[in-house]
Amino acid sequence: MSHHIVIVQDLKYAYPDGTKALHGISFRLAHGESLAIVGENGAGKSTLLLHLNGYLTPNQGSIQIGDYPMTKKTLKFIRRSVGMVFQDPDDQLFMPTVYDDVAFGPMNLGLVPEDVDARVMQALNTVDTSHLKNRPPYKLSGGEKRSVAIASVLSMSPDILVMDEPTSNLDPKARRKLIELLKSFEHTKIIATHDLDMVLDVCDRTLVIHEGQVTADGPTMEVFQDVALLEQSHLEQPLRIQGCPVCCSAA
Amino acid sequence: MAKIESAFFDIGYMDTLAAQDTFIHRLDPRAKLVTTLVFVVTVVSFDRYAISAFIPFFIYPIVLIAGSNLPLPFLLKKLLLVAPFALLVGIFNPFFDREIILKLGALGISGGWVSFFSIMIRFVLSVGAALILIATTGFNAVCLALDRMGTPRVFTIQLLFMYRYLYVLVEEALRMARARALRSLNGEGMGLKVFSFLVGNLLLRTLDRAQRIHLAMFCRGFDGEIRLVRPIRFSVLDFAYVAGWTVFFILLRLINFPQFLGKWITGLIS
């Protein structure tokens, strides 16, 4: 698996109740790229993410992860290589202690206990939370929960990291720590978010989705210069790009 | 309102207690579980008018509470919380069983009252022992012990999940209740009808969450079986702990020590 590529072609999906969520989305992601998926609430970001690990099956179109086209047979391999971090860490941390939770994935891969332990400790060390290993998840702070949720995915050593709103509900310092962490990862990354300032820091490429369709796909800086496009997609320029109110009024 | 919240956070306090490090805390959870079971079965097996025979059984909780550094007032409060259930079980005995079987001076006590007190003592002993087990072992370790002793996985996993999401669920319910309380003036909107909406909403949210958790499990290779790594070792000390208490309980079951002692003392006097 040297090519951690993701190819999505003409993806269409409507929910069973008839709500059309995706109207033909296509993109291609090369190894090591980090892609931000931005768009208004209900644009289809989460629906798209749910396709990337095979939870939802497209009505039309195809998905390829690495060397595998997404089919029922390849699902097992795909789930092993795509690590998914959910928006609410409480959904992700379901085991009684932090250690058990991070060990859940590797145990399912059928590793021997020593290897499981090594992987768990490595993942916990990466996100700097090894001191929490015997704590129950409900006793952690929001930032700690998020870090552990990421560790629980890292322990499976995925090639591709998929994250839904990783910086939501974090205090500024925890957010900054998370951004530094994400920057240090060499995985192929796909991040759905409203935090455009984080996108500036972490993702070199941005995909804008509006009403289930791709309205822009390009280098982050370029996409964020297009004010009209952002406006149309219910977005705004990242605060860092907008003029500073103090300096502007002084000038 | 504040009462529910504080009562709830007491559950978390049990975990804090269980995180201590004493001789009793260090014992294998299985040893403590088996001992508790033997204790409860022995206590329950007495005939319905037994009262004096229970007195020496209090040695067990006293030793454990002292040895594992548990706060007695906290445990008593927890006991009081469940006491209504036991009261309900026993309260009708005095009405149905009016035969006088005991005389304290001029006062005749009916069999109903004796069996009622017997039930209450059993309740204090057995529920107390269960509370002490959780407070010295922790809920998760008790589940692990059950699992290792052959309880079906489905059952222990259910318990673990229940305990994990109890916190999430209660917090969610509290948030909803708070939101309602803040917007209902003069008791308007606090009725049963709104309450039923609240409960229904909570159920739907719970279903949604269950689906997301299931998804999270699938994403990490869940195939229907949950595997737990947690090496626990049953040492000679654990064995001695179980054996010691078991012999003690059986002895107490066979010989009524207070009666024995009483006879012996009256024998000395006369």
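Readers should treat all values here as calculations from the given coordinates under stated rules, not as data from a laboratory. Since the model is a prediction, treat every value here as computed from it, not as a measurement. FYI the Cβ positions are ideal-geometry reconstructions off the backbone, even for glycines, and counts take in every protein chain you see.
Numbers at a glance
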| read-out | value |
| --- | --- |
| Across A:LYS76/A:LYS189; A:LYS139/A:LYS173; A:LYS45/A:LYS145; A:LYS76/A:LYS173; A:LYS145/A:LYS177; A:LYS20/A:LYS145, pairs whose alpha-carbon gap is larger than 25 Å | A:LYS76/A:LYS173; A:LYS20/A:LYS145 |
| Taking all pairs of distinct alpha-carbon atoms in chain A, Kirkwood radius in angstrom | 19.0 |
| Proximal aspartates and glutamates to B:LYS78, defined as alpha-carbon separation beneath 17 angstrom and excluding residues fewer than eight positions away on the same chain | B:GLU5, B:ASP10, B:ASP15 |
| Loop sites in the stretch B:82-151: chymotrypsin sites (Phe, Trp or Tyr not before Pro), DSSP, at most 16 other Cβ within 10 Å | B:PHE92 |
| Relative contact order (percent, whole number), chain A, Cα cutoff 8 Å, 6+ residue spacing | 25 |
| Cys with no candidate disulfide partner in chain A (beta-carbon separation under 4.7 Å rule) | A:CYS203, A:CYS248 |
| Label-zone membership for the stretch B:47-69, site B:LEU104, 7 angstrom Cα→C-beta point, backbone N under 14 Å | B:51-52 |
| Neighbouring partner chain Cβ atoms per residue of A:80-90, average, 10 Å criterion | 3 |
| Per-pair calculated FRET efficiency, R0 = 25 Å: A:GLU40 and A:LYS73 via Cβ, rounded to 0.05 | 0.10 |
| Ascending count of other beta-carbon atoms within 10 Å, so fewest first, for B:ILE91, B:ILE121 | B:ILE91, B:ILE121 |
| For residues of A:105-112, the mean tally of beta carbons on other chains within 10 Å | 4 |
| Neighbour-count order for B:SER118, A:SER155, fewest beta carbons within 10 angstrom listed first | B:SER118, A:SER155 |
| Share of pairwise Cα separations in chain B, more than 34 Å, in percent | 38 |
| Cα-based convex hull volume of the stretch A:31-165 per residue, rounded to whole Å³ | 127 |
| Considering only the protein assembly as shown, percent of DSSP beta bridges that pair antiparallel, nearest 5 | 55 |
| Peptides ranked, highest mean first, by Cβ atoms within 10 Å: ranges A:91-97, A:106-112 | A:91-97, A:106-112 |
| Residues A:VAL102, A:VAL162, sorted so that the one with the fewest Cβ neighbours within 10 Å comes first | A:VAL162, A:VAL102 |
| Percent of beta bridges antiparallel (DSSP, chain A, rounded to nearest 5) | 55 |
| Those residues of the stretch B:42-60 whose amide nitrogen sits under 20 Å from the label point placed on B:PHE96, 7 Å along Cα→Cβ | B:44-51 |
| Separation between Cα centres of the stretch B:200-250 and the stretch A:214-251, rounded to whole Å | 50 |
| Folded to 0 to 90 degrees: helix B:139-148 orientation relative to chain B principal axis, Cα | 80 |
| Hydrodynamic radius by Kirkwood, which averages 1/r over all alpha carbon pairs of the stretch B:37-149, in angstrom | 15.6 |
| Crossing angle, helix B:111-137 versus chain B [Cα axis fit, 0-90 degrees, rounded to tens] | 50 |
| Percent of alpha-carbon pairs separated by more than 18 Å within the stretch B:152-219 | 50 |
| Largest to smallest principal axis extent of the C-alpha atoms in the stretch A:179-251, angstrom | 44, 31, 17 |
| Debye log10 I(q)/I(0) for the stretch B:83-239, one point scatterer per Cα, at q = 0.14 Å⁻¹ | -1.00 |
| B:PHE85-B:ALA240 pseudo-label distance in nm [points 7 Å out on the Cα-to-Cβ vector] | 3.6 |
| A:GLN232-A:VAL246 pseudo-label distance in nm [points 7 Å out on the Cα-to-Cβ vector] | 3.7 |
| Helix B:2-18 vs. chain B, principal-axis angle (Cα, 0 to 90°, nearest 10) | 70 |
| FRET E, pair A:GLU186, B:ILE265, Förster distance 56 Å, beta-carbon r, rounded to 0.05 | 0.10 |
| Whole-Å semi-axes of the ellipsoid equivalent to the protein assembly as shown (Cα gyration tensor, √5λ, descending) | 59, 27, 20 |
| Gain upon complete extension [A:ASP204, A:THR19; 0.36 nm per residue less C-alpha separation] | 63.4 nm |
| Coarse-grained scattering of the stretch A:156-205 at q = 0.15, 0.19 Å⁻¹, given as base-10 log I(q)/I(0) from a Debye sum over alpha-carbon atoms | -0.37, -0.59 |
